[in-house]
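Novice: One structure follows; several queries about it will come next.
The values are calculated or read from the model by the stated rules, or taken from the named source; none is laboratory data. Just so it is clear, the structure is predicted and the values come from calculations on it, not from any experiment. Cβ sites come from the backbone with ideal geometry, for glycine too, and all protein chains shown count toward neighbours. For accessibility, only protein heavy atoms count, side chains too; no ligands or nucleic acids. Shrake-Rupley method; radii C 1.70, N 1.55, O 1.52, S 1.80 Å.
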Amino acid sequence: MKNTIIVCFLLLQNYCSAQHKNIQKDTANMAQEIETFDIKTFEKNKISNRCTFLNSKGDSVNQEFRDGYYIEKTKKRDSKYSITKVFNESGNIEQKGEYYNSDLHIGKFEWFDEKGEITEIRNYDQHFTFSLEDVLNYLEENNIKEVDKSPTGHKVTITLWRTDSSKLSEEDPIVWTISYGLIPLILKNNDAVFMGVIKITLDGKTGEEINKQYKRARVDTEWQPFENLKK
């Protein structure tokens, strides 16, 4: 009987020890999964609540503390793609997503709770079969370029927008919008040159050009059909 009690005690001890190790292992895995912000290093190196550096991959990292949140933007080396992460005051991650050219949402955006578990995923690529790469090819094929200065000395920029299709169905309109200017616009009926902006709308599934419009700076309040311009 005594031997039986000793054997049972040893088995129970081994079981409890194994359970303790499993709990430690699970806790360690959870800690690894939760992304955190290095507040201590940021506070040590920040200048006016900002910190900029290159990481080990040569990517440009910009960190700042704003409105109670730590925001980290990592721009990939030799690329217009970047990843933005938002952390709360405790340094735990709350949001993460990818951008093109710092302002266009790309792919999946994720939201996290205080345990680091994903609470929401929003897919900005949903329903888009005409991809960002297709739009960039469209720009190249149509000789639409972003340049520092136009012939009149004004800066020319290209901005891309698209429908947030993350909560829409396939039946809803899915479009890309390309806007660029200020650029010189010449009217058909005279030689007057105006500075203006051009807006092109493409079907987000087929890439078909839905419309092309322009608006002259300080002249037009509404978008005008592009056909009115001298080609």
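Novice: Could you work out how much longer the chain between R218 and E170 gets when fully extended? Use 0.36 nm per residue separation minus the Cα distance between them, nm to one decimal. Mind showing how you got there, number by number?
Specialist: Working: separation 48, 0.36 × 48 = 17.28 nm, distance 3.84 nm.
This chain segment gains 13.4 nm when fully extended.
Novice: Computed FRET efficiency, Cβ-Cβ of N45 and W111, R0 25 Å: what is it to the nearest 0.05? Let's see the in-between values first.
Specialist: Details: r = 28 Å, r/R0 = 1.13.
E(calc), rounded to 0.05, equals 0.35.
Novice: Now for a different question. Kindly state, to the nearest 0.05, the FRET efficiency for N137 paired with F226, given R0 = 22 Å and r defined as their beta-carbon distance. Before the final figure, lay out the partial values.
Specialist: On the way: r = 21 Å, r/R0 = 0.94.
Efficiency, from the Cβ-Cβ distance: 0.60.
Novice: Another question, if that's okay. Between I121 and K76, what is the label-to-label distance in nm when each label sits 7 Å out along the Cα-to-Cβ direction?
Specialist: 1.9 nm
Novice: Still on this structure, I have one more. Given a Förster distance of 25 Å, report the FRET efficiency between K155 and N211 from their Cβ-Cβ distance, rounded to the nearest 0.05. Each step should come with its number before you reach the end.
Specialist: On the way: r = 25 Å, r/R0 = 1.00.
The value I calculate is 0.50.
Novice: First compute the accessible area of segment 103-190 with a 1.4 Å probe, then give the percent of it belonging to carbon and sulfur atoms. Mind dumping the intermediate values first?
Specialist: Details: 2540 of 5330 Å².
Of the solvent-accessible surface of segment 103-190, carbon and sulfur hold 48 percent.
Novice: May I pose another question? Taking 0.36 nm per intervening residue step and subtracting the Cα-Cα distance, what contour gain separates M195 from D67 on full extension? Present the calculation step by step, with values, prior to reporting the outcome.
Specialist: Details: separation 128, 0.36 × 128 = 46.08 nm, distance 3.76 nm.
Computed gain between M195 and D67 is 42.3 nm.
Novice: Sum up the lysine pairs in segment 84-210 that clear both bars: alpha-carbon distance under 19 Å and a spacing of 8 or more or different chains.
Specialist: 14
Novice: Report the GluC sites (Glu not before Pro) located in segment 91-159 that are in a DSSP loop and have at most 16 other Cβ atoms inside 10 Å of their Cβ, or state none. Before the final figure, lay out each step's value.
Specialist: Numbers: sites: E94, E98, E110, E114, E117, E120, E133, E140, E141, E146; in loops: E114, E117, E146.
Those satisfying the criteria are E114, E117, E146.
Novice: Given a 1.4 Å probe, how much area per residue of segment 62-202 is accessible, in Å²? List each step's numbers first, then the result.
Specialist: Numbers: 8020 Å² over 141 residues.
On a per-residue basis, 57 Å².
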